[in-house]
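Accompanying notes for the structure given below.
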Amino acid sequence: MITHICDRCGRPIERGQTRYTARIQVFAAADPLEITLDDLLRDTDQEMDDLIGQSEPLSEQELMRDVYVEFRFDLCRACQRTYLDDPLSVSSRNQ
Ligand SMILES: [Zn+2]
(Lines give C-alpha, C1' and ligand atoms only; values in the text may rest on other atoms or scores of the structure.)
Protein backbone atom coordinates (compact mmCIF):
# COMPACT_ATOMS: atom_id res chain seq x y z
CA MET A 1 0.00 0.00 0.00
CA ILE A 2 1.37 3.38 -1.05
CA THR A 3 1.39 5.85 1.82
CA HIS A 4 3.41 8.70 0.35
CA ILE A 5 5.02 9.90 -2.89
CA CYS A 6 8.64 11.04 -2.91
CA ASP A 7 8.60 14.77 -3.57
CA ARG A 8 11.94 14.60 -5.38
CA CYS A 9 11.63 11.63 -7.76
CA GLY A 10 7.89 10.98 -7.71
CA ARG A 11 8.22 7.30 -6.83
CA PRO A 12 5.68 5.81 -4.45
CA ILE A 13 6.77 5.03 -0.91
CA GLU A 14 5.10 1.86 0.30
CA ARG A 15 3.98 1.23 3.82
CA GLY A 16 6.93 -0.18 5.77
CA GLN A 17 9.55 1.48 3.55
CA THR A 18 11.77 4.04 5.17
CA ARG A 19 10.53 7.53 4.47
CA TYR A 20 12.39 10.73 5.25
CA THR A 21 11.06 14.20 5.89
CA ALA A 22 13.13 17.23 4.95
CA ARG A 23 12.04 20.47 6.58
CA ILE A 24 13.80 23.54 5.27
CA GLN A 25 13.46 26.93 6.90
CA VAL A 26 14.69 30.02 5.08
CA PHE A 27 14.51 33.18 7.14
CA ALA A 28 16.07 36.59 7.35
CA ALA A 29 19.09 36.45 9.61
CA ALA A 30 19.31 39.04 12.33
CA ASP A 31 22.42 40.15 14.10
CA PRO A 32 22.19 41.14 17.77
CA LEU A 33 20.51 44.51 18.10
CA GLU A 34 22.78 47.33 19.22
CA ILE A 35 21.00 50.57 20.04
CA THR A 36 23.09 53.69 20.52
CA LEU A 37 22.17 57.07 21.98
CA ASP A 38 22.20 58.48 18.45
CA ASP A 39 19.60 55.88 17.47
CA LEU A 40 17.36 56.94 20.35
CA LEU A 41 17.67 60.62 19.49
CA ARG A 42 17.14 60.22 15.74
CA ASP A 43 13.77 61.20 14.27
CA THR A 44 12.61 57.97 12.65
CA ASP A 45 9.25 59.19 11.36
CA GLN A 46 10.55 59.68 7.81
CA GLU A 47 12.32 56.31 7.83
CA MET A 48 9.09 54.61 8.95
CA ASP A 49 7.09 56.41 6.26
CA ASP A 50 9.64 55.29 3.64
CA LEU A 51 9.44 51.67 4.83
CA ILE A 52 5.67 51.70 4.78
CA GLY A 53 5.75 53.22 1.30
CA GLN A 54 8.07 50.47 0.08
CA SER A 55 5.80 47.80 1.60
CA GLU A 56 2.49 49.07 0.28
CA PRO A 57 2.69 47.58 -3.23
CA LEU A 58 3.53 44.14 -1.80
CA SER A 59 0.96 41.62 -0.63
CA GLU A 60 1.06 40.12 2.83
CA GLN A 61 2.31 36.89 1.25
CA GLU A 62 5.15 38.68 -0.56
CA LEU A 63 6.18 40.48 2.62
CA MET A 64 6.15 37.23 4.57
CA ARG A 65 8.24 35.52 1.89
CA ASP A 66 10.96 38.13 2.44
CA VAL A 67 11.15 37.15 6.10
CA TYR A 68 10.31 33.47 6.53
CA VAL A 69 9.58 30.49 4.29
CA GLU A 70 9.33 26.85 5.30
CA PHE A 71 9.31 23.81 3.03
CA ARG A 72 8.51 20.21 3.93
CA PHE A 73 9.29 17.32 1.62
CA ASP A 74 8.84 13.55 1.83
CA LEU A 75 11.83 11.68 0.43
CA CYS A 76 12.50 8.05 -0.43
CA ARG A 77 15.74 6.49 0.82
CA ALA A 78 17.63 7.05 -2.46
CA CYS A 79 16.64 10.71 -2.61
CA GLN A 80 17.53 11.21 1.06
CA ARG A 81 21.07 10.01 0.31
CA THR A 82 21.37 12.17 -2.78
CA TYR A 83 20.03 15.18 -0.91
CA LEU A 84 22.44 14.74 2.01
CA ASP A 85 25.39 14.51 -0.38
CA ASP A 86 24.57 17.89 -1.94
CA PRO A 87 21.77 19.76 -0.13
CA LEU A 88 22.48 23.05 -1.92
CA SER A 89 22.69 21.42 -5.39
CA VAL A 90 26.17 22.87 -5.82
CA SER A 91 27.29 20.04 -8.11
CA SER A 92 24.43 20.58 -10.56
CA ARG A 93 25.35 24.28 -10.89
CA ASN A 94 28.93 23.41 -11.83
CA GLN A 95 28.01 21.28 -14.85
ZN1 LIG B 1 12.83 9.75 -4.33
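All of ARG23, ARG19 fail the test of being open to solvent by 60 Å² or more (accessible area, probe 1.4 Å), more than 16 Å from the ligand (Cβ to nearest atom), closer than 11 Å to PHE73 by Cα and of a type in the set (D, E, K, R), apart from ARG23. Restricting attention to the stretch 1-16, and to residues there that are away from the ligand (no atom under 11 Å from the Cβ) and surrounded by fewer than 10 Cβ atoms within 10 Å (Cβ to Cβ), which single residue is farthest from VAL67 (Cα to Cα)? Across the stretch 1-16, the extreme among qualifying residues is MET1.
Could you please find all residues in the stretch 53-63 being closer than 30 Å to LEU75 by Cα and loosely packed, with under 10 Cβ neighbours inside 10 Å? Walk me through it before giving the result.
Here is the first cut: in the stretch 53-63, the residues closer than 30 Å to LEU75 by Cα are 61-63.
Once the filter is applied, which keeps residues that are closer than 30 Å to LEU75 by Cα and loosely packed, with under 10 Cβ neighbours inside 10 Å, the stretch 53-63 yields only GLN61.
Looking at ASP50, ASP38, ASP74, just one residue is at pLDDT 90 or above and open to solvent by 90 Å² or more (accessible area, probe 1.4 Å), and that residue is ASP38. Considering only residues in the stretch 77-95 that are assigned to a helix (DSSP H, G or I) and open to solvent by less than 100 Å² (accessible area, probe 1.4 Å), the one that is nearest to the ligand (Cβ to nearest atom) turns out to be CYS79.
The values are calculated or read from the model by the stated rules, or taken from the named source; none is laboratory data. Keep in mind that what you see is a predicted model, and the values were worked out from it rather than measured. Glycine gets a Cβ as well: all are built from the backbone with ideal geometry, and neighbour counts include every protein chain shown. Accessible surface areas use protein heavy atoms only, side chains included; no ligands, DNA or RNA. Shrake-Rupley method; radii C 1.70, N 1.55, O 1.52, S 1.80 Å.
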